[in-house]
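*Asks:* Quick one: structure below, then a few questions.
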Amino acid sequence: MKAFIRHIAFLSKRQMCALLIFAGIAIFHQFIANDKYIVAKTKSGIEFFADKGSSQYGLPSPIPYSASFMDRNNRSVGPFDKQDVSGLYHRHWLGTDSLGRDVLAGLIYGSYVAFQVGLLTVLASTVIGIFFAFWSAYYGDDGLRIDRSKIIWLLIFSGVLIFYMIYSELWIAITLSLVLIAVWTLIVRNSSRDRTKTLALPLDLLVMKLIEVINSIPGLFLILVLLSMFVKPSIWNVILVLVILRWPVITRHMRAEILKIKEEDYIMSAKSIGQSDLRIFLYHIIPMTISPIIIVSSFGFATAILLESTLSFLGIGLAVDQQTWGSIIKQARFDLSAWWLALFPGMAIYLIVILFNAVGDELNKKLRAD
Amino acid sequence: MLAYILKRLLLVVPTLFLISIIAFYLSRNTPQDEVVSIMNMRGLEAESQNERIYKEVYYDLKLDRPNFYFSIVPRNYPHTLNSYPIAKDRALAKDLLKSSYDHKAVKASFRSFEAEKHALEEEHNSQALLDLEFLKDDADSFSRKYLDDSDKYGFILPSFRWHGLDNQYNLWLEQALFHEFGVSISDGKSALSKVRKALLWTLSFTLIDFIISIAFGLMIGLYLSRDPRNKAQMILRQILYLFYAIPVFWLATMLLIYFTTDDYGSWTNIFPSVGIDIYPGESTLKQIFLNFDKLLLPIICLSLHSLAYVSRMVENGITDELSKDYVLLSYSKGMQKKQVLKREVLKNAMTPSITLFMGALASAFSGSLVLEVIYGIPGMGRLMYNALSIADWNVAFCILMLLSLVTIIAYLIGDVLYAYFNPKVRFNN
């Protein structure tokens with residue numbers, strides 16, 4: 001945590017503010033743009049997010065529209081066009097789309113989607129990527145040695161388990177797995193400890209081959225096939241696919257870092273006093289990789305947001321009625337005179353992408369200077 | 001070196017094999033149904049109305065064969081579940097088999113179900129027919145009516161089934177190797193010929209972009225690194241950064257909105273409106289040549305972005321190298337900055353960029369779905385998207401195999417060039 005705070009201190013005040021504003025808008029999007037009262041006094045007492053019809057007194061949000069609210073009187077009006085609204089408060093400052101949905105409210109909801117996609121993709125792909133990197137770099141091709149008999153047992157056990165998980169009812173699979181775990185802990189684990197008959201697991205080779213195969217499949221093909229496997233479109237599918245595309249990048253980067261760290265003396269001394277591999281990973285390797293992780297995450301955030309908006313621009317993966325930055329730009333393609341539908345969401349994507357790239361560059365530069 | 005290249009080339013075959021197996025597995029597990037797409041194209045309703053035609057198409061496409069050369073399934077399972085053509089039947093049969101009924105009994109139960117249904121159809125008893133159909137939704141009630149407990153196995157053991165060469169993967173492999181990857185389900189043309197046409201369209205704008213971005217990117221990168229504090233260069237750097245971070249699809253949409261219509265004054269209507277003109281009877285190359293004015297906007301879009309990217313990479317590479325000792329040595333020998341850059345630094349700074357260039361070359365073959373959709377170009381990205389959305393697997397696999405091969409070979413060339421430019425790598429291996 002301390003290391004994390006030290007890195008944040010590297011950022012300039014302007015970048016810090018921009019990051020906080022983006023996160024704030026994304027997290028509190030319901031309080032900023034909503035067609036309901038934030039807090040209202042109704043017949044049943046104080047209520048949050050109450051309908052405007054149900055009460056007379058309430059605290060309205062700064063923008064009186066939510067992303068899905070359709071204003072039937074103002075369809076496809078621009079920011080400077082004459083609008084059929086009562087007063088400046090109800091004006092559509094950035095115009096509306098062909099269904100009468102407010103663009104500004106759409107932008108604010110879109111920032112929530114972008115934040116969610118960026119954050120979850122970065123978190124999940126970093127965790128997966130760093131584990132693979134650890135296995136592949138720390139153990140290498142001959143670091144992890146296991147008894148030959150144990151490998152055979154492990155293969156048999158996992159094969160049997162997978163078979164019954166797929167082909168039989170749940171209770172059989174659960175009982176069987178409990179029995180197998182018991183057999184493993186009681187009998188196999190304490191069986192012969194003949195150090196001479198060990199086999200090295202080529203973890204590095206396996207992980208690198210897996211990454212090579214994933215890299216040689218075109219990304220677009222992977223995205224389209226994986227997204228078509230889900231019956232119902234949802235944002236979680238998009239995040240899952242982005243994680244699958246992203247973790248090899250992080251693994252490659254982190255592998256190079258861990259290979260360097262591995263040779264340091266303090267790792268050797270930790271090993272020599274008998275610390276376990278897990279402890280070395282958590283207490284000696286992770287803290288040293290914090291800086292590259294933050295830099296890669298920052299670029300990853302930008303990439304994830306860019307890919308998500310491209311996908312929703314093409315109408316792949318997300319539900320049709322979900323408002324995102326990309327899906328607002330998509331509508332501009334069908335109505336070429338509605339320049340506001342393309343300009344404002346595009347600016348939002350552009351600013352966020354440039355912000356995260358600048359943060360990554362800045363940290364990179366500062367850390368190199370250290 | 002030759003031995004290394006040969007070794008890598010030999011490794012291409014198992015990698016492609018692995019990719020094809022992964023893709024085949026994925027394709028068998030997507031919810032889209034190619035039989036339904038074919039029926040839709042013929043203007044027919046879904047499977048429930050036209051069960052007879054559905055089955056005909058299903059057997060026509062040989063979808064009733066097993067998926068792979070072998071399978072490991074429980075002993076009560078049939079040879080292959082694909083022998084149930086209707087998806088609903090297959091799901092029901094799977095449920096029944098999971099509760100350990102024997103496959104012969106399951107088959108018999110389906111037969112008695114069909115017999116009962118047939119009898120009811122003769123009587124025109126629509127209410128009873130509907131009730132009967134509902135039975136299929138629930139494996140429990142279905143088994144209570146048509147099966148009894150004597151058909152159940154006890155504890156199920158796995159068994160290994162060998163299917164021989166008459167399986168779907170082998171059929172696909174045969175088509176891929178000897179019959180131009182089979183035919184497309186949408187128009188009956190061979191998959192390879194469709195991909196060849198799309199590839200020409202895609203390469204017509206991506207290759208130009210590739211050449212522009214590398215040639216000018218190198219020049220601009222060199223120019224920028226010459227003097228980091230020059231005013232003009234700082235402005236150029238900011239402009240390049242702008243194009244680097246701009247989303248391609250947004251730039252494309254904005255160019256489309258402002259420069260192809262009369263809405264914002266007639267002087268902005270510079271480029272022709274989108275959509276490729278079709279000249280019947282002409283070859284694809286001639287068509288590309290005749291439509292070249294339509295390809296200008298996509299070329300501009302792509303190359304603005306990649307130009308910024310390449311020049312940034314080159315500049316960063318050169319700045320990294322400039323702080324090294326051998327540069328100081330060259331200066332102390334009395335060389336000018338220009339000479340040092342061209343003779344000493346450039347070659348070293350280029351080595352990290354080789355992998356990048358090769359990756360860009362590989363992705364030039366896969367095209368850009370976004371630009372092809374926005375500007376209506378019938379290229380690779382759109383062909384892949386359309387093929388996958390109607391489950392036209394022959395075309396999709398053809399594209400996948402081609403692009404994977406191109407990617408692997410491009411990276412191989414990259415590694416060889418890397419070793420050529422960087423003696424350190426060469427001596428370590």
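What follows is calculated from the coordinates using simple rules that are stated; it is not laboratory data. Please read these numbers as outputs of a predicted model, since none were measured by experiment. Quick reminder, even Gly has a Cβ in these numbers, built from the backbone with ideal geometry, and neighbours come from all protein chains shown.
*Asks:* For segment B:308-429, what ratio Rg/Rh do Cα atoms give with a Kirkwood hydrodynamic radius?
*Replies:* 1.17
*Asks:* Averaged over every viewing direction, what's the projected area of the C-alpha convex hull for chain A? Give it in nm², one decimal, please.
*Replies:* Mean orientational projected area (chain A, Cα hull): 26.4 nm².
*Asks:* Same structure again: With no solvent and one equal point scatterer per Cα, compute the Debye intensity ratio I(q)/I(0) for segment B:50-184 at 0.10, 0.11, 0.19, 0.20 Å⁻¹ and report its log10, rounded to two decimals.
*Replies:* For segment B:50-184, the Cα-only Debye profile gives -0.43, -0.51, -1.15, -1.21.
*Asks:* How high is the relative contact order of chain B, in percent, counting Cα pairs under 8 Å that sit 6 or more residues apart?
*Replies:* So the answer I get is 20 percent.
*Asks:* How much of the calculated P(r) for segment A:208-251 lies past 13 Å, in percent of all Cα pairs?
*Replies:* 54
*Asks:* OK, next. How would you rank A:112, B:326, going from fewest to most other Cβ atoms within 10 Å of each one's own Cβ? Numbers along the way, then the final one.
*Replies:* Working: A:112 20, B:326 12.
The fewest-first ordering by Cβ neighbours comes to B:326, A:112.
*Asks:* Over the alpha-carbon set of segment B:139-218, divide Rg by the Kirkwood Rh and report the Rg/Rh ratio to two decimals.
*Replies:* That ratio equals 1.40.
*Asks:* Using the alpha carbons of chain B, what is the convex hull volume per residue in cubic angstrom, as a whole number?
*Replies:* On the way: hull volume 102.2 nm³, N = 429.
Hull volume normalised by residue count: 238 Å³.
*Asks:* To the nearest 20 Debye, how big is the dipole of chain B about its Cα centre, given +1 on the beta carbon of each Lys and Arg and -1 on that of each Asp and Glu?
*Replies:* Dipole magnitude for chain B comes out near 2800 debye.
*Asks:* Provide the percentage of antiparallel DSSP beta bridges, counting only those with both residues in the protein assembly as shown; round to the nearest 5.
*Replies:* 95
*Asks:* Oh, and also: Quick one: check the C-alpha center-to-center distance for segment B:282-319 versus segment A:91-127, whole angstrom.
*Replies:* So the two Cα centres are separated by 30 Å.
*Asks:* Tell me, B:282, B:116, A:257 in order of fewest to most beta-carbon neighbours within 10 Å? Mind dumping the intermediate values first?
*Replies:* On the way: B:282 12, B:116 16, A:257 19.
Ordered from fewest to most neighbouring Cβ atoms within 10 Å, B:282, B:116, A:257 come out as B:282, B:116, A:257.
*Asks:* Rounding to the nearest 20 debye, state how big the charge dipole of segment B:132-280 is about its Cα centre with +1 on each Lys and Arg Cβ and -1 on each Asp and Glu Cβ.
*Replies:* On the way: 13 positive and 16 negative charges, 201 e Å.
So the dipole magnitude of segment B:132-280 works out to roughly 960 debye.
*Asks:* If the elastic network links every pair of Cα atoms under 10 Å, which of A:95, A:274, A:317 fluctuates the most in the Gaussian network model of chain A?
*Replies:* So, out of A:95, A:274, A:317, the one fluctuating most is A:274.
*Asks:* A further question on this structure: Suppose each label sits 7 Å from its Cα in the direction of the beta carbon; what would the residue B:37-residue B:223 distance come out to in nanometres?
*Replies:* Here the answer is 4.7 nm between the modelled labels.
*Asks:* First obtain the Kirkwood hydrodynamic radius of segment A:271-370 from its Cα pairs, then insert it into the Stokes-Einstein equation at 20 °C and 1.002 mPa s, and state the resulting D in µm² per second as a whole number.
*Replies:* Once the numbers are plugged in, D ends up at 130 µm²/s.
*Asks:* Turning to a different aspect of this structure: Just how far, in whole angstrom, is segment A:169-246 from segment B:87-130 if you go by their alpha carbon centroids?
*Replies:* About 37 Å separates the Cα centre of segment B:87-130 from the one of segment A:169-246.
*Asks:* How charged is the neighbourhood of residue B:330? Take every other residue with its Cβ under 12 Å from the Cβ of residue B:330, and add Lys/Arg as +1 and Asp/Glu as -1.
*Replies:* Taking every Cβ under 12 Å from that of residue B:330, the sum is +3.
*Asks:* With a 10 Å Cβ neighbour count serving as the proxy for reagent exposure, in which order, fewest first, do B:4, B:54 appear?
*Replies:* B:4, B:54
*Asks:* What Kirkwood hydrodynamic radius, in Å, does segment B:61-102 give when the mean of 1/r is taken over all pairs of distinct Cα atoms and then inverted?
*Replies:* 10.9
*Asks:* Considering the alpha-carbon set of segment A:155-216 alone, what are its Rg and its Dmax in angstrom?
*Replies:* Every Cα atom of segment A:155-216 included, Rg and Dmax give 16.5, 44 Å.
*Asks:* Quick one: plug the Kirkwood hydrodynamic radius of segment B:188-289 (C-alpha pairs) into Stokes-Einstein at 37 °C, 0.692 mPa s, and report D in µm²/s.
*Replies:* The calculation lands on 188 µm²/s.
*Asks:* If you bin every alpha carbon distance in segment A:185-327 into 5 Å steps from zero, what whole percent lands in each bin?
*Replies:* With 5 Å bins starting at 0, P(r) equals 2, 7, 13, 13, 14, 13, 11, 10, 8, 5, 3, 1, 0.
*Asks:* Taking amide H positions as placed 1.01 Å from N in the peptide plane, with prolines and chain starts having none, which residues 5 or more places from residue B:70, or on another chain, fall under 5 Å of its amide H?
*Replies:* B:163
*Asks:* Hey, what's the Kirkwood Rh for segment A:24-130 if you take every pair of different alpha carbons, in angstrom?
*Replies:* 15.4
*Asks:* Over the Cα atoms of the protein assembly as shown, what Rg and Dmax result, in angstrom?
*Replies:* 30.8, 105
*Asks:* Counting Lys and Arg as +1 and Asp and Glu as -1, what is the net charge of the other residues whose Cβ lies under 9 Å from the Cβ of residue B:105? Walk me through the intermediate numbers first.
*Replies:* Working: positive: B:104, B:107, B:152; negative: B:102, B:148, B:151.
Taking every Cβ under 9 Å from that of residue B:105, the sum is 0.
*Asks:* What are the lysines whose alpha-carbon lies under 17 Å from the alpha-carbon of residue B:342, with same-chain residues fewer than 8 places away excluded?
*Replies:* Candidates past the 8-residue exclusion: B:324, B:333.
*Asks:* Across peptide B:237-250, what mean number of C-beta atoms from other chains lies inside 10 Å of a residue's C-beta?
*Replies:* Per residue, the number of nearby Cβ atoms from other chains is 5 on average.
*Asks:* Under a point-charge model restricted to the Cβ atoms of Lys and Arg (+1) and Asp and Glu (-1), what is the dipole moment magnitude of segment A:178-254 relative to its Cα centre, in debye to the nearest 20?
*Replies:* About 200 debye.
*Asks:* Over chain A, what is the relative contact order in whole percent, taking alpha-carbon pairs under 8 Å and six or more residues apart?
*Replies:* Reported as a whole number, the value is 20 percent.
*Asks:* Go ahead and run the numbers for FRET between residue B:61 and residue B:95, Cβ-Cβ distance against an R0 of 25 Å, rounding to 0.05.
*Replies:* My answer for the efficiency is 0.50.
*Asks:* Same structure again: Can you give the alpha-carbon Rg of segment B:1-126 over 2.2 N^0.38 Å, where N counts its residues?
*Replies:* 1.49
*Asks:* Looking only at B:304, B:18, B:135, which one moves most when chain B is put into a Gaussian network model with springs between Cα atoms under 10 Å?
*Replies:* Residue with maximal mean-square fluctuation among B:304, B:18, B:135: B:135.
*Asks:* Report the dimensions of segment A:230-312 along its three principal axes from the alpha-carbon atoms, largest first, rounded to Å.
*Replies:* 53, 25, 15
*Asks:* Taking the Cβ of residue B:20 as the center, what net charge do the other residues with Cβ under 13 Å away carry, scoring Lys and Arg +1 and Asp and Glu -1?
*Replies:* Net of charged neighbours comes to 0.
*Asks:* For chain B, set up a GNM with springs between Cα atoms under 10 Å and report which of B:248, B:35, B:345 has the largest fluctuation.
*Replies:* Per the Cα network of chain B with a 10 Å cutoff, B:345 tops the list.
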